1. Might you let me know whether the range A:281-301 holds any residue that is within 10 Å of chain B (Cβ to nearest Cβ) and of a type in the set (Val, Ile, Thr)?
2. Of all the residues that make up the range A:275-301, how many are surrounded by fewer than 16 Cβ atoms within 10 Å (Cβ to Cβ) and not acidic (Asp, Glu)?
3. Return the only residue of B:Glu151, B:Glu108 being charged (D, E, K, R) and touching a helix residue (DSSP H, G or I) at 6+ places or on another chain (Cβ under 7 Å).
4. From the list A:Ala379, A:Ala351, A:Ala401, pick out the single residue that is more than 21 Å from A:Asn142 (Cα to Cα) and more than 20 Å from the chain's Cα centre (by Cα).
5. Just checking, which of A:Glu194, A:Glu160 is acidic (Asp, Glu), in a helix (DSSP H, G or I) and under 26 Å from A:Asn443 (Cα atoms)?
6. Looking only at the range A:165-189, count every residue that is under 13 Å from A:Leu135 (Cα atoms) and polar (S, T, N, Q) and tell me the total.
7. Taking B:Leu73 as meeting all but one of (1) part of a helix (DSSP H, G or I); (2) in contact (Cβ under 8 Å) with a residue 60 or more places away in the chain, write down the number of the exception.
8. Hey, which of the helices (runs of 4 or more DSSP H) in the range B:107-166, taking only ones fully inside, have at least 1 residues that are crowded, with 19+ Cβ neighbours inside 10 Å and facing chain A (nearest Cβ under 7 Å)?
Amino acid sequence: MKRRDFIKKAGLATAATAGFPYILPSGLLSAQTTAPLTDHVVFVLFAGGVRQQEAVLKRYLADSQEEDVEGNIMYNLLTGAPPESKIAYGLDDAANNIVGGIPIDPVLQTPLDQLGTLFPEVRFSKGGAGHYNGLATGISGNYALAQGLRSRPASPTIFEYLRRHAGFDATDCWYVGAGIGMSRPLLNYSNDPEYGRRYGANFLAPQTTFGTPGMNHFMDFKNYHPETEWSMIQEMRHFLNSNYVEEGLEIPHLYNRPDEQDSIKEFVRATFEKVEQGQVALPPVNDNGDLKTLGFTLEVLSWFKPKITVVDLTNIDVCHGSYTNYLKNLHRADHGVGFLWREIQRIPGMANNTTMIVMPEHGRDQDPNPIQDINDWYAYDHSTGNENTRRIFTLMVGPGAEAGLTVGDQDNPVGDATDVVPTIAELFGIKQIVESQGRLDGNARSMFDRM
Amino acid sequence: MNMLTFYKRVGLFLMLILFMGWGCKEESYVYEVNDVDISPINSTKNKPKTEAQYISVLYTNLFQEAIGPNRMLEALAAIQSIGDKRVAYDILVSKYMADGQVVLPSEEDMRADPEAFVRDTYRRFLIRQPTEAELQWMLNYIESRPNLTPELVYFSFATSNEHFHY
């Protein structure tokens, strides 16, 4: 389908649905709701700070190390031939003693930009290029311009919008974090007094939960019999809590229903068993933390089949000190996301009705810092005020996204880092409600409105 | 009755009224005690413990010894890795209960002197005595549940909202 045809049909569809309020699966009826375009959304914050030059521009070493070698090292996401020389982004070639000398085989037969819509030149238009700022912006649709690291987002997250306005359950919404650092555990709900914890998402940092801390403090936790033991605990706790009824003075829970709480506990128990047995659904290559995070994300998807899942990656950020390792982790992030997409199509209930969005939280500097790595290549930071840090891309694939469409280019930037929230809201039929709350950044627009 | 007698009686009546009026003058007493609102016994506990404080107190209450710094950091990381803290603490306490090192009264002791057990449990976890109503409820509960163990009671107190506040 050509772009013009797509826009025409999308416009007709929009016009057709605009006048007819849609009853969401939750039973909510509003004149501002429209028919959902998808059943599930997975939003990958392709995070750690990615330079456009090595990502969508496929310049490999050409725009960074004064080496005349171009090529695409993200061939699961993007179309393009890989570099032909100076290969340093793959698996280590021990036989020939070449670090990163063996590229990882593609996971997908067709790159995702051919299956979906690519916005190759998007802007992180405000604020500094900090990881927390970037992550908070991606999930709230608003720039965290005056926000400290150790505080929750000031604006509602997409989880809160969906739980409040689309009636999603707590276990419909997950934030899977690359870790517990950089205030990630605060990203599952905002400080907004009209939203907040009541509408928060479940959070999981699987490498901590199922790593050493969790193994020592969670693994093999006692399984109380639901009828003869757990019911008594519940009764006594209810009595104790009913004698302590001050408003808001409770252990900060996320309003998971009792059956949802039980399901989370059973998920933790079952996943520990998988860890012990080496059965976690990890990507074929899983030699860094991001790839393990993506494997655990698949476990979350398989167990809960959430409607909205956000997962963030971080290993690309080694670029502060090693360009070679940056290339390796960028290549691995592509490998992991390709694997995630492939495996989603094998999950009953999520196959063919899941939309995935991929976006870096911010870019990296135009010019290097003085640190050189084993290949004598220079490293790159992400500094406040550097315009190159504002350059990112967004890729959307699955229901709602037109295949093979590219919107904008290097000379014609289209899109903003805040667009993902209204886009997800539109995918779930509540865009107008979200926009009418007045909490989004002024630049934020649904990607569908930018096509 | 002649007129003179009538006037005498009326005069006496008026004097009596006047006298009673003086005698019934309301006295105002000031005891210099302010009015006090009666609040629940636990109402002063309105500050949430930090995760570190809660884990530290929880560990001490269950194991009757202080948690070591490395163990503390690990437990804190584990708790932070799960968003719903009620679920996270349930799992943590379940794990500790499976440890075998938790210091628990025996079931025989609980059944032999349930009032002492209830009072000790309130003191250990909630740093207060139970109200009479709380005491009676707990005593009835223990008596009516032959399968109830001290472990289940401790679990309930350890994960109660009041235990999370100070």
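The values are calculated or read from the model by the stated rules, or taken from the named source; none is laboratory data. Not measured: the values here are computed from a predicted model. Note: ideal-geometry Cβ built from the backbone for every residue, glycine included; neighbour counts use all protein chains shown.
1. Within the range A:281-301, none of the residues are within 10 Å of chain B (Cβ to nearest Cβ) and of a type in the set (Val, Ile, Thr).
2. So the answer is 4.
3. B:Glu151
4. Step by step, each of A:Ala379, A:Ala351, A:Ala401 is checked, and only A:Ala379 is more than 21 Å from A:Asn142 (Cα to Cα) and more than 20 Å from the chain's Cα centre (by Cα).
5. Only one candidate qualifies: A:Glu160.
6. 2
7. The number of the failed condition is (2).
8. Counting at least 1 such residues, we get B:132-144, B:150-158.
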